[in-house]
Amino acid sequence: LDTTRPSEDDGTITLSGIGKSFGSFTAIEHIDLDIRGNEFFTLLGPSGCGKTTLLRMLAGFETPSRGEILLNGRDIARLAPNQRPINTVFQNYALFPHLSVAENIGFALKMRGKPRSEIERTVEEMLALVQLDGRGGQLITQLSGGQQQRVALARALAPRPAVLLLDEPLSALDQKLRKNMQIELKRLQKETGITFVFVTHDQEEALTMSDRIAVLSNGALRQVGTPHEIYNHPVDRFVADFIGETNLLEGRVVHEGAGRVEVALEGGVTVTAQADRPLAAGRAVTLAVRPENTALADPAPGQLCGKIDQIVYFGTDTHFHLTLDSGVPLVVRRQNRADGQMLPPVGARVGVTLESEATRILKD
Ligand code: ATP
């Protein structure tokens, strides 16, 4: 592959005030978003939240009802798909079954009237890039699903777009192949320096692969940040709940304050949590704490206590599903040790501690 990487501001996308309505239905509310050049950026959200609609507007298959889409500072919102230096890899690959692997990969270059020698050279480079060296002569139907996915990627990368859009490209692959392709995609992105905009509803996939993630629901952005920020500092209940498993607890602020704040939970137990804004005494708040930031303890007065309803073994760790004395469910995750440890059984009454540094007060 040509190792001249795109410059820093190449492949920079700015969405400003983007909205999309289908008749009276608003699929995208109003989105302002910057995607940096050379970034692996993921649009994450549940089915129907508008991810595909947003991607289709970037590709040019849909025209925004409102707003601007800038690519490297130029408004492209009303350009036809083939006038944009943007390519898409679809979920179903959309390869040409009657053409060979090499013909598929070289297709766009041929359409653009590139000389044959250049097409051949690029096809070879692309085959090497996706680790299908020597397979150029094969027919698409002779390849496995994972290999077809690689051809689809090579075909989309061959014209060297500034931006590659990927719409749930791994959803048709089995679990193992999917994991391999996640690593592979990340490598391809870094190696080519092309901006990738990746759509998925799989939060684990988003956390593994992305430089940054935008979480969407109901056509609106809820949070944009690095996987670490999104996972450890979810701004609201929706993000906390959608990304990984989260325990949510209701309570009231004991004393006015910010930073470390005492919260009285339902049932009367007081815990310490992190607040990123000043909160008045008596204010009702929701706390979020991940199962891995909780621990089992001996039951004691003044401490959260509950009963174990279910124990689920995961190999690396065990999840304890409890019902607290207040009636609220809570999951405790405990890392397994190789030496086999004594674990409390289903039905046991246990205490629970929350890591105060990792217990956060959510935005309402
Ligand atoms: P999924 O993960 O299920 O593909 P998504 O997040 O990609 O979901 P979109 O396909 O963008 O969601 O759809 C967002 C909303 O817009 C949905 O309610 C959908 O029904 C609606 N929608 C999308 N395209 C059209 C259209 N052409 N006409 C009318 N409504 C549409």
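The values are calculated or read from the model by the stated rules, or taken from the named source; none is laboratory data. Note that this is a predicted model, so its numbers are computed, not measured. Ideal geometry is used to build each Cβ from the backbone, glycine not excepted, and the neighbour counts take in all protein chains shown.
Selection of segment 10-23 for residues being more than 15 Å from the ligand (Cβ to nearest atom) and either without any contact (Cβ under 8 Å) to a residue 24 or more places away in the chain or assigned to a strand (DSSP E or B) (or both) yields I13, T14, S16, G17. Here G134 meets each of (1) assigned to a helix (DSSP H, G or I); (2) away from the ligand (no atom under 16 Å from the Cβ) with one exception, condition (1). Loosely packed, with under 15 Cβ neighbours inside 10 Å and among the aliphatic types (A, V, I, L, M), is that true of A59? Considered against the rule, which asks whether it is loosely packed, with under 15 Cβ neighbours inside 10 Å and among the aliphatic types (A, V, I, L, M), A59 comes out as no. Among the residues of segment 24-67, those that are assigned to a strand (DSSP E or B), within 12 Å of the ligand (Cβ to nearest atom), out of contact with any Gly (no Cβ under 8 Å at 6 or more places or on another chain) and within 19 Å of F238 (Cβ to Cβ) comprise L43, L44.
Just one of the listed residues (A258, A281, A273, A214) is part of a strand (DSSP E or B), in contact (Cβ under 8 Å) with a residue 24 or more places away in the chain, more than 19 Å from V352 (Cβ to Cβ) and hydrophobic (A, V, I, L, M, F, W, C), namely A214. Among the residues of segment 304-352, those identified as surrounded by fewer than 15 Cβ atoms within 10 Å (Cβ to Cβ), in a strand (DSSP E or B) and of a type in the set (V, I, T) are V312, T323.
Condition first: of a type in the set (S, T, N, Q) and over 23 Å from Q335 (Cβ atoms). Can you find one or more residues in segment 286-307 that meet it? Yes, segment 286-307 contains a residue that is of a type in the set (S, T, N, Q) and over 23 Å from Q335 (Cβ atoms). Filter segment 262-289 for residues that are small (G, A, S) and on the phi < 0 side of the Ramachandran plot and give the result. Result: A264, A273, A275, A280, A281, A284, A288.
The lone criterion from (1) assigned by TED's automatic domain parsing to the domain that holds G45; (2) charged (D, E, K, R); (3) more than 16 Å from the ligand (Cβ to nearest atom) left unmet by R222 is number (3). Residue check: V235 meets all listed conditions (1) over 33 Å from the mean Cα position of the chain (by Cα); (2) of a type in the set (A, V, I, L, M); (3) assigned by TED's automatic domain parsing to the domain that holds H201 but one, namely (1).
Look at (1) within 16 Å of the ligand (Cβ to nearest atom); (2) over 22 Å from A102 (Cα atoms); (3) touching a residue at least 60 places away in the same chain (Cβ under 8 Å) and you find that T195 fails only one, number (1). With respect to the conditions (1) away from the ligand (no atom under 15 Å from the Cβ); (2) closer than 30 Å to H30 by Cβ; (3) surrounded by fewer than 19 Cβ atoms within 10 Å (Cβ to Cβ); (4) at pLDDT below 95, N87 lacks only one, and its number is (3).
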